[in-house]
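What follows is a short report on a single structure.
Every read-out reported here was derived from the displayed coordinates using simple, explicitly stated rules and does not represent laboratory data. Predicted model only: the values in this text are computed from it and were never measured. Note that we place each Cβ from the backbone using ideal geometry, even for glycine, and neighbour counts take in every protein chain shown.
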């Protein structure tokens, strides 16, 4: 079932790319493993998806330790608390959710200690929803410029969560805003090298996100099925 789901996502994502005049290879699929056990994640990796996203540090560590699979590129996509940075700084491939100076500075500290560069995306709240994390759009350029000055942090791009709505145009506006912010940042050369990544689009809106320029889609339900309710006691 998982392999069939992945095949369907790749087909629909590919069609969205063609509608936008893009090649399917320009979009990376991340399977979001939140709440699913390691054996289900292993199915996904065996079906050809090596990029795995986790929302909580404790679950990310548990999955990595259980799988011991060098094929996997781990992505942290949830809100990252400053006191949790030390647990993932040495092995996560890409952190999608940097949205405050304290977190960026903590990442810099651990990157220096480890002697590595840490790739990050800056999360932007493009839907103006109070329940969501992220830098406000009008503050995003200055924030990216400030953390780009950190020697061991590399800003690869931006991330957003679209509005939870059936209104495709509302989602489109959110994604279009993120793309315009990236283009503005590149025009102003706020980072040493152009930023290229746009992490946007989930199960309910990934085709719209691709049409608006997404380079990374984060898919959970459409791959794994409906998640079980999470026990808040295990939150990290």
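Using the Kirkwood radius built from alpha carbon pairs, what does the Stokes-Einstein equation give as D for region 172-212 at 25 °C and 0.890 mPa s, in µm² per second? Mind showing how you got there, number by number?
On the way: Rh = 10.8 Å.
In µm²/s, the coefficient rounds to 226.
Evaluated at 20 °C with a viscosity of 1.002 mPa s, what Stokes-Einstein diffusion coefficient in µm²/s does region 81-161 have when Rh comes from the Kirkwood expression over alpha-carbon pairs? Display every interim value, and only then the final one.
Details: Rh = 12.7 Å.
Here the translational diffusion coefficient equals 169 µm²/s.
With the crude spin-label approximation of a point 7 Å out along Cα→Cβ, what separation in nm comes out for residue 86 versus residue 133?
So the two model labels end up 1.9 nm from each other.
Suppose only helical runs count, i.e. DSSP H with n ≥ 4. What mean residue ellipticity at 222 nm does that imply for the chain under -39500 (n - 2.57) per run, divided by all residues and rounded to the nearest 500 deg cm²/dmol?
Working: 9 runs with 99 residues, N = 236.
Only helices count here, giving -12500 deg cm²/dmol.
Neighbouring Cβ atoms within 10 Å as the yardstick, rank 91, 74 fewest first.
On the way: 91 12, 74 22.
In order of increasing Cβ crowding within 10 Å: 91, 74.
Equivalent-ellipsoid semi-axes (√(5λ), Cα gyration tensor) for the chain, whole Å, largest first? Display every interim value, and only then the final one.
Details: eigenvalues 124, 110, 53 Å².
Here the semi-axes work out to 25, 23, 16 Å.
Starting from the 7 Å offset along Cα-to-Cβ, what nm value, one decimal, do you get for the label separation of residue 102 and residue 11?
Placing both labels 7 Å along Cα→Cβ, they lie 4.8 nm apart.
Using the 10 angstrom Cβ neighbour count as an exposure proxy, how do 126, 82, 208 rank, fewest first? Don't skip to the end; give the middle numbers.
Values: 126 29, 82 13, 208 21.
By the 10 Å Cβ count, ascending, the order reads 82, 208, 126.
Only Cα pairs under 8 Å and at least 6 apart count here; give the relative contact order of region 32-151 as a rounded whole percent. Could you put the intermediate results ahead of the total?
Working: 165 pairs, mean separation 21.5, N = 120.
In percent, rounded to a whole number, it is 18.
Using 0.36 nm per residue of separation minus the Cα-Cα distance, give me the extension gain between residue 204 and residue 141 in nm, one decimal.
Values: separation 63, 0.36 × 63 = 22.68 nm, distance 2.80 nm.
Separation in residues times 0.36 nm, less the Cα-Cα distance, equals 19.9 nm.
Most exposed first by the Cβ proxy, i.e. fewest other Cβ within 10 Å, how do 119, 205, 128, 99 rank? Let's see the in-between values first.
Working: 119 17, 205 26, 128 12, 99 22.
With the sparsest Cβ surroundings first, the list reads 128, 119, 99, 205.
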